[in-house]
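Colleague: Here it is: the structure, laid out below.
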Amino acid sequence: MITSKTISNGILRALATILIIGIVLYFLYEIQTVIVYLCISLILCLISNPLVLFLKNKLKFRDSFAATTAIVIFILLLIGFIFLFVPLIISQANNLSLLDTNQLQAQFMETEQSIETYFNVQHFDLNKVLRDSKVTSMLNFSYFTGFINSILNFMADMGMGLVSVFFITFFFIKDQDDFKSTARKLLPDSNEDKILNSITKINHMLTRYFIGLLLQLTVVFILYLIVLVIFGNKNAFVIAFLCAVLNIIPYIGPIIGTILAALLTMISLIGQDFRSEILPTTIYVVIGFLLVQAIDNNISQPIISSKSVNSHPLEIFLITLISGILFGIVGMIIAVPLFTMIKVILKEFFPDNKIISVLTERI
């Protein structure tokens, strides 16, 4: 029989549960920076696994020495990455210092006049369309100020962040076996084997995924580099590398990379004629980048991603699309790794379920 005391106790327990969940979520929100550091360190640990296993099994390195070697390699790669951009920054600054604004404005006005003349011949009032669309009213230049401030704050925190990430990564790599043995002691006996098997499979598949992602970015980098070299870009290597890294963000990253490549190409050609040199070359570079993205989206990305996580290309596409709609850019980036983890856990705990067996038959 349900009494008022039972109802009140139930309400109090529900309120206490909601309060605890709220406190936990607030705590996680407050330490979100630490969570980001842990996630980055985990990814670096997964990427370094093949190297660490090679050092330990083939070269007989101890755990600490193998971890130190991996961290040193990451630091050297980071230093190389930074020094890659020094020539780009210097050259673009020199190009901007040589900029003849009067000449550029005259060339731009001439090009604009040609466009207006074309639309007038076609009986198309461009000014009226712009006024009706209210494009200018939608522009808010305060975003640029906020963006610059965000970059400055990011640079200020980067030093501490890098130290934290490398410190955490070192112990993730060094003490992997200790973490597993500790987890074995804490896990309930009834599900211990299933949980440990899930962790092992997730570790293996995510390692393959991130290595596959590096392979995909390498393919995109080479194709971008070919395009930029063909059109004589002086900083082809650095621009191609930067735009390839942006491809980590599905769909949006390639668009940002294309815009960035167009802007840097225009800056590198400052001093030449706008109509005959700068504008055509920039258009050709954009077309080349679009062709590379078509190849990546339809060939390399689906094949590499599906092979690394044993999922169908259409499955990868739909999961990425749905995650992007629900959670934005972050959802698109973590969609495939998170989906892979869920599939492994479901297969391990519910192997007899028909729907799950169909979804996980490739694992």
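Colleague: Once neighbouring chains are kept in place and the probe is 1.4 Å, which whole percent of the accessible area of the stretch 201-362 is contributed by carbon and sulfur?
Modeller: It is 76 percent, rounded to a whole number.
Colleague: While we're here: How much accessible surface area, in Å² rounded to 10, belongs to the heavy atoms of Ile7 with a 1.4 Å probe?
Modeller: 90 Å²
Colleague: Give me a comma-separated list of calculated 3J(HN,Hα) values for the stretch 193-200, in order, Karplus coefficients 6.51, -1.76, 1.60 applied at θ = phi - 60°, integers in Hz, x for any Gly or Pro.
Modeller: Along the stretch 193-200, the couplings run 5, 5, 5, 5, 5, 4, 4, 5 Hz.
Colleague: Further question: Along the charge dipole of the stretch 232-360, pointing to its positive end and built from +1/-1 on Cβ of Lys, Arg, Asp and Glu, which listed residue (Ile342, Ile295, Gly324) has its Cα farthest out?
Modeller: After comparing all options, I get Ile342.
Colleague: Arranged from highest to lowest average of other beta-carbon atoms within 10 Å per residue, in what order do the peptides 282-288, 26-32, 65-71 appear?
Modeller: With the highest mean Cβ count within 10 Å placed first, the list reads 65-71, 282-288, 26-32.
Colleague: Rank these residues by their accessible area, most exposed first, probe 1.4 Å: His312, His204.
Modeller: Order by accessible area, largest first: His204, His312.
Colleague: Calculate, for the stretch 201-362, the solvent-accessible area per residue in square angstrom, rolling a 1.4 angstrom probe over the heavy atoms of the protein chains.
Modeller: 52 Å²
Colleague: Which FRET efficiency value, to the nearest 0.05, is calculated for Ser64 and Leu38 with the Förster distance at 22 angstrom and r the Cβ-Cβ distance?
Modeller: Once rounded, the FRET efficiency stands at 0.60.
Colleague: On to the next question. So for Lys194, Lys58, what's the accessible-area order with a 1.4 Å probe, most first?
Modeller: Lys58, Lys194
Colleague: Okay, next question. Quick one: if you take sqrt(5λ) for each eigenvalue of the C-alpha gyration tensor of the stretch 201-362, what semi-axes come out, biggest first, whole angstrom?
Modeller: Square roots of five times the eigenvalues give 39, 14, 12 Å.
The values are calculated or read from the model by the stated rules, or taken from the named source; none is laboratory data. In this text, all values refer to a predicted model and were calculated from it rather than measured experimentally. A quick note on method: Cβ atoms are made from the backbone with ideal geometry, for glycine too, and the neighbour counts reach across all protein chains shown. When the accessible area is computed, the model is the full protein with side chains, heavy atoms only, and any ligands, DNA or RNA have been set aside. Shrake-Rupley method; radii C 1.70, N 1.55, O 1.52, S 1.80 Å.
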